[in-house]
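Encoded as structure tokens, the structure appears first; notes follow it.
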Amino acid sequence: MMFRSAATLVLLACSSSLWAAPALSGVSEVNVQGAVEVPGAVQVQAGGRISDVLNAVRPNAAAYLLGSSLQREQERQDQLRQRAGLLHTVGQLPQHENLDVRAAGELLHAWLEAHPATGRVRLVLDRRLMQVQPHNNPVAGQGDSIIIPLRPQTVHVVGAVIQPCTLPHQPLQDAKAYLAHCPVSDAADPDTLYVVQPDGLVQALGIAAWNRADPQPVAAGGTIYVPVRESAMKHIDSSFNEDFASFIATQPVDP
């Protein structure tokens, strides 16, 4: 009986190995574009990680790794739904009693129309960080796309502003200081500002006297989102501004 049990375990182990074989022999194809020595499709063995892709394409000296984008189809499907929800909310603003909120709604609608769902997920392509923190070095997936831009020289300001702005990047300058060159509208929230860093990190900053945050620089290629005042949105969609800022973070950095 013991022999039969042992034999059964051996057979099960062999069977499991046979079932696992196709996954081990699989290959994922990742497309890489931008500031790399070898752009194009990269084939990675099953279990291979994003760092393996970077080693194959070799980012060049001009690569702006902080603004790199990893895009995935599953994430794009989720972002399509997020974008549709934002468009639905923005579609209600033309009926708002406040004319400034209406105007802000038109600008937000135009921005959404110009920016599709991309599937971008937040990932910092820092090889040293990838070595010590495996969660920052995910397994490469079939159909993944990586875009590595050149270092930009600007910062974008969007949202409840008179007109969206593209301003020269000023190292170490506080996010709020950019608004001196991109006037906000009367629809802007007086208490909060969102900073979307080029790696996809979203930061909500207090800017009023009662909640003033420490100075927060914006890295090159980042975006400042001026939210619509909370009092105008709370009866429509109380999480709209947070959701809009998170959608901005899905957009690749301009090269």
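The values are calculated or read from the model by the stated rules, or taken from the named source; none is laboratory data. These numbers come from a predicted model, not from an experiment. With ideal geometry, Cβ positions are generated from the backbone for all residues, glycine too; neighbour counts draw on all protein chains shown. For the accessible areas, the whole protein counts, side chains as well, though only heavy atoms, and no ligand, DNA or RNA atoms are used. Shrake-Rupley method; radii C 1.70, N 1.55, O 1.52, S 1.80 Å.
What to note about this one:
- Any chance ASP254 is within 19 Å of the chain's Cα centre (by Cα), of a type in the set (Asp, Glu) and within 29 Å of VAL36 (Cβ to Cβ): yes
- When the test is whether a residue is open to solvent by less than 60 Å² (accessible area, probe 1.4 Å), part of a loop (DSSP other than H, G, I, E, B) and more than 22 Å from ALA63 (Cβ to Cβ), ALA213 passes it.
- Residue, surrounded by the fewest Cβ atoms within 10 Å (Cβ to Cβ), within the stretch 93-151, restricted to residues that are small (Gly, Ala, Ser) and within 17 Å of the chain's Cα centre (by Cα): ALA114
- Cβ-Cβ under 6 Å pairs, at least 6 apart or on other chains, the stretch 162-173 side more than 15 Å from ARG151 (Cα to Cα) and without any contact (Cβ under 8 Å) to a residue 40 or more places away in the chain, far side assigned to a loop (DSSP other than H, G, I, E, B) and open to solvent by 50 Å² or more (accessible area, probe 1.4 Å): ILE162/PRO183
- Here the stretch 22-65 is the region considered, the condition is being over 11 Å from ILE146 (Cβ atoms) and of a type in the set (Val, Ile, Thr), and the residue that is surrounded by the fewest Cβ atoms within 10 Å (Cβ to Cβ) is VAL38.
- Count of residues meeting criterion [among the hydroxyl-bearing types (Ser, Thr, Tyr) and part of a helix (DSSP H, G or I)] in the stretch 80-139: 1
- Residue ID - nearest to HIS181 (Cα to Cα), chosen from residues in the stretch 216-229 that are open to solvent by 10 Å² or more (accessible area, probe 1.4 Å) and in contact with a strand residue (DSSP E or B) (Cβ under 6 Å, 6 or more places away or on another chain): THR223
- Looking only at residues in the stretch 188-210 that are within 19 Å of PRO152 (Cα to Cα) and not in a loop (DSSP other than H, G, I, E, B), the one that is most open to solvent (accessible area, probe 1.4 Å) is VAL202.
- Filter pass, ALA35 being of a type outside the set (Asp, Glu) and at pLDDT below 50: no
- Restricting the stretch 49-92 to residues that are under 14 Å from the mean Cα position of the chain (by Cα) and hydrophobic (A, V, I, L, M, F, W, C), the residue that is farthest from ALA232 (Cα to Cα) is LEU65.
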